[in-house]
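S.K.: The structure under discussion is supplied below as structure tokens; questions concerning it will follow.
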Amino acid sequence: MSTTLTRPTTHASSTHARVAAASLASASLLAIAGFTVLGVVFEYPQILEEPTSDVLSLFRENQTSVTTWFLVLAVSAALMAPAGIALGRLAGGRLGRWIAIVGIAAATVQVIGLQRWITLVPGIAKDALDPAASEDAEARFELFHLVLGKVVGETIGYALTAVFTVLVVRALRRTVLPRWAAAIGYTAAALIATGIAVPLVPAASLTNFAGYVAWCAWLLLVSWLLVRPYAAEQASVFPDSQRTPA
């Protein structure tokens, strides 16, 4: 299957492809870095299965690092918005509009879920040190974790990320995505979507995690495939023999 764009190359489409590629690659690399460091300094996400008092205690011990790397994850999630807009413009039509809408929505809900670690949890963790206020502080943490974390950031975020991925595959499978790359995208989307069932099927957290690992790798692949047609075109326009020596 050809991996060259079927539509005529224009400056605008080249720009959209490069913006999308940069956004997707940055989102992937930041997510990988964020989850890796948080796994080391905060035992994330396993720490969330521990008692709330233990979660807040470990948070306080590493507060600067934890908030910094959750900010990195929030930036990673936010990059899905410009990626969605650029991919939507590249695809065009009704499908392009839906890619932009779902990309922005996916970015928004995940940022809402992640920002609690930056804006809300520090105050809650401090209040929990006061014996008179610790019970209320822990209750607030659990409420925010349920509503902003599990419902908004995770459940809705999983669904929107899976839909966004499917839409992107549909838009690119006849232009830059070979069949095997499209299959990886669909598989990652399906595995991510299993995260919706985690409250009922705890084992789904494993398939969801596997989906995100595959998804991050797939984003890097898509980024490369997006810019490759335009790099090839530039090479044909400016062959080595016509380039000015540095």
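S.K.: Given 37 °C and 0.692 mPa s, how large is the Stokes-Einstein diffusion coefficient of the chain in µm²/s, with Rh as the Kirkwood radius over Cα pairs?
M.R.: The calculation lands on 169 µm²/s.
S.K.: In what order do Tyr44, Tyr158, Tyr186 fall by count of nearby beta-carbon atoms within 10 Å, going from fewest to most? Mind showing how you got there, number by number?
M.R.: Details: Tyr44 21, Tyr158 26, Tyr186 17.
Ranked by crowding around the Cβ, least crowded first: Tyr186, Tyr44, Tyr158.
S.K.: Enumerate the residues in region 110-150 having an amide nitrogen under 20 Å from the point lying 7 Å beyond the Cα of Ser65 toward its Cβ.
M.R.: 117-119, 121-123, 125-126, by backbone N distance to the label point.
S.K.: Give, in whole angstrom and from largest to smallest, the semi-axes √(5λ) of the equivalent ellipsoid of region 113-208, with λ running over the eigenvalues of the Cα gyration tensor. Mind dumping the intermediate values first?
M.R.: Working: eigenvalues 289, 38, 15 Å².
Calculated on Cα positions only, the semi-axes equal 38, 14, 9 Å.
S.K.: Next up: Using amide H atoms built in the peptide plane, which far-off residues or other-chain residues are under 5 Å from Tyr44 H to H?
M.R.: Amide H neighbours of Tyr44, under 5 Å, 5+ apart: Gly39.
S.K.: Select from Leu48, Ala188, Ala86 the residue farthest towards the positive end of the dipole of region 11-228; place +1 on Cβ of Lys and Arg, -1 on Cβ of Asp and Glu, and compute about the Cα centre.
M.R.: Going by the charge dipole, the pick is Ala86.
Values in this text are rule-based calculations from the coordinates and carry no lab data. Just so we're clear, the structure is a prediction, and the values are computed from it rather than from any experiment. Don't worry about glycine lacking a Cβ; one is built from the backbone with ideal geometry, like all the others, and counts go over all protein chains shown.
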